[in-house]
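To start, the structure itself, in structure tokens.
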Amino acid sequence: MPTSRLQVSSDGRRIIQEDGTPFFYLADTAWDLFHRLSREEAEHYLTVRASQNFNVIQSVVLAECNGLRTSNFYGHLPLLDEDPERPNEAYFEHIDWVMRKGTELGLRWGLLPTWGDKWTDHWGHGPLVFNTENARVYGRWIGNRYKEVPLIWIMGGDRSIRKDSEAAIVRAMCEGVREGDCGAHLMTYHPGGGAASSTWFHHDAWLDFNTIQSGHESNRMANHMVIARDYGLTPAKPTLDSEPPYEDHPDISFGRTGPAPFLDDFIARRAAWQSVFAGACGHTYGCHDIWQMYDGVREPVNRARTPWKQAIHLPGANQMRHVRSLMEQLPFLDLVPTPSIVSCLPGYGPVHALRSKDKKLALVYYPDRGGRTVNLSALEGAPFTATWYNTITGEFLPTEPVPAEPVHVFTPPQELGDSVLILRAANGIS
């Protein structure tokens, strides 16, 4: 059961626990968990995700799919008369139960007090119910209610800011939450597709770390570029992709209408590795069927096709554990994105590399089988050894010595797809 509070590391790059150990944020998006599932179903979902080594579940209190006017599994609406100052106790008692069960399973919560269509008319079902006054009241109430729960506040709810009045509502709710929970938890903001929280709120004191939403496309896979940009901002704040390409989501590179292929585990996996190697403090996985808890009966959102009890076992979800596992086996707090140490052969994808501060450890993510030239003179402690890490299975291939030369071309073994090269100095960390 998580008991340690989370905080930002002294260098502003990572999330850590109270004892100083790193917290690698590995989340799943279960936006409609509270709204659509029974307690038994929720427990099943949480048990599986805990077994898959996720440690954060991102869920919404006032849900997306007409969540103010559609009852939860037990027939309860979240607000009385759609008034944010009159929460329905029966609805929140169910959320309490689900959150307790997740906590018992060792999970933390990425809790969104509301989806964005309740404070902006940009798009969505709505209705618009928040203004600066009641947003602060609601924030104070929900902050106080869950101040003892191991969670991270995620404000906003899939919306970009279009005008000052919208930012004012968000800030009022954030201030209310801070008053209610007395600053017990970290807080961030969940932006709309293709956007980053840093665009509007980077200098706000309540924003402890940034998130981006890279979106559900195979061809707009530039999350590493946005992560790198946020990593370079001042003051330094951690950052991560809180809504990447979802597994089993139609590829909207092909447009939102008509036939389009579905995104697979490789697309989901690549988004995770390349963002972490660009400096992210963790990653959020998503599955199109899971966020909406599609059951094969209710109307699917945007061509959802796999009932959630099957989708929960899609390969990408089981592969995410290997990102967290590798980072936790290495000195994560000391790893710095250093793409300059690597160059790729013509025709192959971008370069993603991490190097330890003492320069005795380097990691390179290969999204393909193309060779990469590593500048070994940028490392210290020669001779070096090389180990390949299988991102699908989490297995290490046998370690091999590296030739004593200033640069060397490393090409993944043929049995690997995307993979990670780990270079260690002979006198470096094991």
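Okay, here's what the table says:
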quantity	calculated
Residue identified as closer than 26 Å to GLU243 by Cβ, under 18 Å from the mean Cα position of the chain (by Cα) and not basic (Lys, Arg) among LEU107, LEU37, LEU79	LEU107
Condition check for ARG49: over 23 Å from ASP28 (Cβ atoms), out of contact with any Cys (no Cβ under 6 Å at 6 or more places or on another chain) and at pLDDT 95 or above	no
Criterion: open to solvent by 20 Å² or more (accessible area, probe 1.4 Å) and not aliphatic (A, V, I, L, M) - qualifying residue of GLY215, GLY183	GLY183
Hey, HIS224 within 29 Å of HIS35 (Cα to Cα) and either outside any loop (DSSP other than H, G, I, E, B) or modelled with pLDDT under 95 (or both) or not	no
The listed residue being among the polar types (S, T, N, Q), surrounded by fewer than 23 Cβ atoms within 10 Å (Cβ to Cβ) and modelled with pLDDT of 95 or more, out of SER71, SER59	SER71
Condition broken by ASP28, with the remaining ones in (1) touching a helix residue (DSSP H, G or I) at 6+ places or on another chain (Cβ under 6 Å); (2) more than 30 Å from ASP334 (Cβ to Cβ) satisfied	(2)
Residue within the stretch 396-409 that is under 28 Å from the mean Cα position of the chain (by Cα) and buried (at least 20 other Cβ atoms within 10 Å of the Cβ) present	no
For THR234: the one exception among (1) part of a strand (DSSP E or B); (2) free of Cβ contacts under 8 Å to residues at least 12 places away in the same chain	(1)
Criterion (open to solvent by 10 Å² or more (accessible area, probe 1.4 Å), under 23 Å from PRO113 (Cα atoms), in contact with a strand residue (DSSP E or B) (Cβ under 9 Å, 6 or more places away or on another chain) and touching a residue at least 12 places away in the same chain (Cβ under 8 Å)) met by exactly one of SER242, SER198	SER198
Filter result for the condition that a residue is more than 30 Å from LEU46 (Cβ to Cβ), among the β-branched types (Val, Ile, Thr) and in contact (Cβ under 8 Å) with a residue 40 or more places away in the chain, over THR393, THR399, THR373, THR385	THR385
Per-region count, the stretch 316-338, residues touching a helix residue (DSSP H, G or I) at 6+ places or on another chain (Cβ under 9 Å) and free of Cβ contacts under 8 Å to residues at least 60 places away in the same chain	2
Selection within the stretch 364-418 - over 17 Å from VAL351 (Cα atoms), among the hydroxyl-bearing types (Ser, Thr, Tyr) and touching a Lys or Arg at 6+ places or on another chain (Cβ under 9 Å)	THR385, THR387, THR399
Count - residues of the stretch 92-124 that are surrounded by fewer than 22 Cβ atoms within 10 Å (Cβ to Cβ) and aromatic (Phe, Trp, Tyr)	3
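The values are calculated or read from the model by the stated rules, or taken from the named source; none is laboratory data. None of these values were measured; they are calculated from a predicted model. Using ideal geometry, Cβ is built from the backbone for each residue, glycine included, and neighbour counts are taken over all protein chains shown. These accessible areas exclude ligands, DNA and RNA; they are computed on the full protein's heavy atoms, side chains included. Shrake-Rupley method; radii C 1.70, N 1.55, O 1.52, S 1.80 Å.
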